[in-house]
1. Consider THR112 against the criteria (1) modelled with pLDDT of 95 or more; (2) of a type outside the set (Phe, Trp, Tyr); (3) closer than 29 Å to VAL101 by Cα: it satisfies all of them except one. Which criterion is unmet?
2. From the list ILE97, ILE12, which one is farther than 17 Å from ARG144 by Cβ, among the β-branched types (Val, Ile, Thr), in contact with a Pro (Cβ under 7 Å, 6 or more places away or on another chain) and at pLDDT 95 or above?
3. For the range 216-229, give me each residue that is surrounded by fewer than 22 Cβ atoms within 10 Å (Cβ to Cβ) and either within 12 Å of SER248 (Cα to Cα) or not small (Gly, Ala, Ser) (or both).
4. Please return the ranges of helices (runs of 4 or more DSSP H) entirely within the range 160-256 where 1 or more residues are out of contact with any strand residue (DSSP E or B) (no Cβ under 7 Å at 6 or more places or on another chain) and of a type in the set (Val, Ile, Thr).
5. Pick from the range 15-45 the residues that are in contact with a Pro (Cβ under 7 Å, 6 or more places away or on another chain) and farther than 17 Å from VAL79 by Cα: which of them is surrounded by the fewest Cβ atoms within 10 Å (Cβ to Cβ)?
6. Might you let me know whether the range 241-256 holds any residue that is more than 25 Å from ILE52 (Cβ to Cβ), at pLDDT below 95 and not charged (D, E, K, R)?
7. Can you list residue pairs whose Cβ atoms sit under 9 Å apart, with the first residue in the range 150-172 being surrounded by 17 or more Cβ atoms within 10 Å (Cβ to Cβ) and the second being in a strand (DSSP E or B) and among the acidic types (Asp, Glu)? Count only pairs 6 or more apart in sequence or on different chains.
8. Can you tell me which of ASP48, ASP56 is of a type in the set (Asp, Glu) and crowded, with 16+ Cβ neighbours inside 10 Å?
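The values are calculated or read from the model by the stated rules, or taken from the named source; none is laboratory data. The shown structure was predicted, so the numbers you read here are calculated from the model rather than taken from an experiment. Because the Cβ atoms are built from the backbone with ideal geometry, glycine has one as well, and the counts that use them run over all protein chains shown.
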Amino acid sequence: MKRSLSINLNKIALIRNSREGNYPDLLAHADVCIKNGVDGITVHPRPDLRHITPKDVYDLSNLISNTKKVTNKSIEFNVEGNPFASKKNNYPGFIEIVNSVMPHQCTLVPDTTSQLTSDHGFDLKVNSDKLYPVIQNLKYNGIRVCLFMDPEEEQVRLAGELEVDRIELFTGPYAAAWGKEDIDNIFEKYLISASIANELGMGVNAGHDLNLLNLTKFCSIPGLKEFSIGHALIVDAISMGLDKAIESYIKIIKSS
């Protein structure tokens, strides 16, 4: 089964934004990722513009389109964020950004600006009615829709009722349990959730704090389609170099 690696470039933008200017150059690093064999690029434009800006999204969309024209290589563009994040100052609103670039995939995440990072999935017992028209609009525009979800059986089944194309399992708890006694019990929740999603016709992505130590075990879950990895890969790139870090992650994902 073909599994994809989509590199999240948020951390590159975060470093850039800590100084004036355009260093490191986000597009240059995206180009390195593409040339080293990644399947996709992921970004998460937040209203506080802490890392990825709307301009970054537009520029990356153009880079990916031009790559297709020049090399005939298809790179998936995944834009993730809170679908209810509205216009604020220089932020036009999440759905407005998505509809302006028409990415291959839109991953909906229930984050707020007060969160350091995404740390939980949707509670669909509360959010389903609000999410359904958003999901249908994105699908109508030809965008694959993915919901960021915790590994909970009831929630996964509710995602199926919303007719989403995929779910992305929030792997933070799995990563936090790595090396501890309860890792197998927690891993089992992901195994069950992925199986249910596949039975309901949804693809399964995974992301958050996956790294070179814990990735191989997670890859043993059948039916996984895509891994979104950013923080750990960029950290590994500091010591390994970006090209070698990408190679290491691809080797695990493609061969496990």
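1. Of the numbered conditions (1) modelled with pLDDT of 95 or more; (2) of a type outside the set (Phe, Trp, Tyr); (3) closer than 29 Å to VAL101 by Cα, the odd one out for THR112 is (1).
2. Numbers: ILE97 fails: farther than 17 Å from ARG144 by Cβ.
None of the others qualify; the one that does is ILE12.
3. At the first step, the residues of the range 216-229 found to be surrounded by fewer than 22 Cβ atoms within 10 Å (Cβ to Cβ) are 216-217, 219-223, 225.
Across the range 216-229, the qualifying residues are THR216, LYS217, CYS219, ILE221, PRO222, LYS225.
4. Working: elements: 172-176, 183-199, 215-218, 231-240, 242-255.
Where helices (runs of 4 or more DSSP H) fall fully within the range 160-256 and carry at least 1 residues being out of contact with any strand residue (DSSP E or B) (no Cβ under 7 Å at 6 or more places or on another chain) and of a type in the set (Val, Ile, Thr), they are 183-199, 215-218, 231-240, 242-255.
5. At the first step, the residues of the range 15-45 found to be in contact with a Pro (Cβ under 7 Å, 6 or more places away or on another chain) are 15-16, 45.
Narrowing further to those that are farther than 17 Å from VAL79 by Cα: 15-16.
Values: ILE15: 15, ARG16: 20.
Taking the candidates together, the pick is ILE15.
6. Of all residues in the range 241-256, those more than 25 Å from ILE52 (Cβ to Cβ) come to 251-252, 254-256.
Keeping just the survivors that are at pLDDT below 95 gives 254-256.
From what's left, not charged (D, E, K, R): 255-256.
Yes: the range 241-256 contains one or more residues that are more than 25 Å from ILE52 (Cβ to Cβ), at pLDDT below 95 and not charged (D, E, K, R).
7. ARG166/GLU226; GLU168/GLU80; GLU168/GLU226
8. Working: ASP48 fails: crowded, with 16+ Cβ neighbours inside 10 Å.
After applying the criteria, what remains is ASP56.
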